[in-house]
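Nothing in this text is a laboratory measurement; each read-out follows from the coordinates by a stated rule. Predicted model, so just to flag it, every value in this text is computed and none were measured. Positions of Cβ are generated from backbone atoms using ideal geometry, with glycine treated the same way; all protein chains shown enter the neighbour counts.
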């Protein structure tokens, strides 16, 4: 633990961006505390103990730490209404799962008595998840106010130790002498992508819930497969690079930690500030959506802490993963196709995903999809919008507008088109021919210029739809520099939910670089298409 202590001392002493009081310092301002914490007694005692405390009722001093871990498939010791009283009284440290004992040991070695562990500080059973819903809304505070987060990077569940895989032999520096300008110069030999392999791709950092824990924490101490790692606002370090990773080590994409405005400081000074903030959100969602989540219903709540922080920064209205100011652009989000899927009909060949058993988001939100997503059009500078949002509404499960939703709709003005999909094959590649308002979009000579459809539900086989002719599209934007051949037209693909009332569900998005005039051409019968209202050649439709 001496190396970890050195990193912490260096960080608290020298790093301006990381300036949080070290454990021994007197408090200058009042420390924020979570609703519950675990307190560990002196480890020197014959029978060390720990107990659950309520900082609001129990006067405490000093900072607390947080644990980031995988729950896994094994039974995880958790706080319930049945064992609540016992944990308040205290239990022997030996009764905790190995991973939790390790975390409390690390905290004690650093000089911190208090630890927040989600499974033991949030009631997990016995109150119909009421406590979980309330505490989930505080995650932005829990991790951002934590002195340091301990990350069990490779432990699969709480029964495994954070320490048992560390192998000092594998991290012993390999020094070679190379002749440079007539002199022998020592060089350290290491894998330049080791950070990506051992930190960014560590088991812990593939989990959606952990995404916000990592971003919001001021400091993270990783216990990895072969060594320990350090992240803070100003430095990445590892046992093999105790003084910080070299410029030759690839640490991956920016991790958005801490002072978010600094993340895009490398961009040109003349870029619009609001656009910079939006581009950062696009990058966040792209990264977040590629992570694994056990329960699909958690898709929005697991991003809630980041959304709160971003909302305070951009001052915009948050709408189930999207933002009001950018809603017309963000409605054109799309799922990403697997790298081995060159079939434009987008029948998913990846591993089956769980069916959407519980409602999680409206169809117009990327959170309704079970795949990594491109969160929409990044910029207004290269797009001509063809839609206009009139109104939007969401039904929230709690008072937290960044959390769970139970329903919602968006009313959009645009020019609705009747859509028919006809399957074709060209040189062994399957794709769709689109018939828009009765006009066929000509099958191109080259497959790469075809109209591409990306369906939101990649498990659904649209060739076997009960009524495939009942589809519509709503051209959303023209990208002036969108493709190889210049302009690209983007359109929402819709199916009617209640045609008589002009209510639709979004089922995908379509892109075309060929014949955009055929897609946008007006039709004398457009006024008869289902909509809430038809005025001045435009349809008002509702998407749920």
Query raised in the report: When only C-alpha pairs under 8 Å and at least 6 residues apart count, what is the relative contact order of the stretch 1-103, in percent?
Result: 24
Query raised in the report: If r is the Cβ-Cβ distance from residue 487 to residue 91 and R0 is 60 Å, what FRET efficiency results, to the nearest 0.05?
Result: 0.35
Query raised in the report: What FRET efficiency comes out for the pair residue 82/residue 533, r = Cβ-Cβ distance, R0 = 60 Å, nearest 0.05?
Result: 0.60
Query raised in the report: Expressed in nm to one decimal, what extension gain is obtained for the pair residue 57 and residue 388 from 0.36 nm per residue of sequence separation less their Cα-Cα distance?
Result: 114.0 nm
Report summary line: Listed with the fewest Cβ neighbours within 10 Å leading, 189, 335 appear as 189, 335
Report task. Sticking with the crude label model, points 7 Å out along Cα→Cβ, report the distance from residue 359 to residue 499 in nm, one decimal please. Result -> 2.4
Requested in this report: Give the order of 69, 15, 310 when sorted by the count of other beta carbons within 10 angstrom, beginning with the fewest.
Outcome: 15, 310, 69
Query - Sites residue 98 and residue 395 - FRET efficiency at Förster radius 45 Å, r taken between beta-carbons, to 0.05 - result: 0.60
Report summary line: Each label sits 7 Å from Cα toward the beta-carbon; between residue 180 and residue 141 the label points are separated, in nm, by 5.1
**Report entry** Gained length - residue 30 relative to residue 312, 0.36 nm times residue gap less alpha-carbon distance
**Finding:** 99.4 nm
**Report entry** Residue exposure sequence - 214, 337 - by fewest surrounding Cβ within 10 Å
**Finding:** 337, 214
Report task. Please give the length that would be gained between residue 6 and residue 44 if that part of the chain were fully extended, namely 0.36 nm times their separation in residues minus their C-alpha to C-alpha distance (nm, one decimal). Result -> 11.4 nm
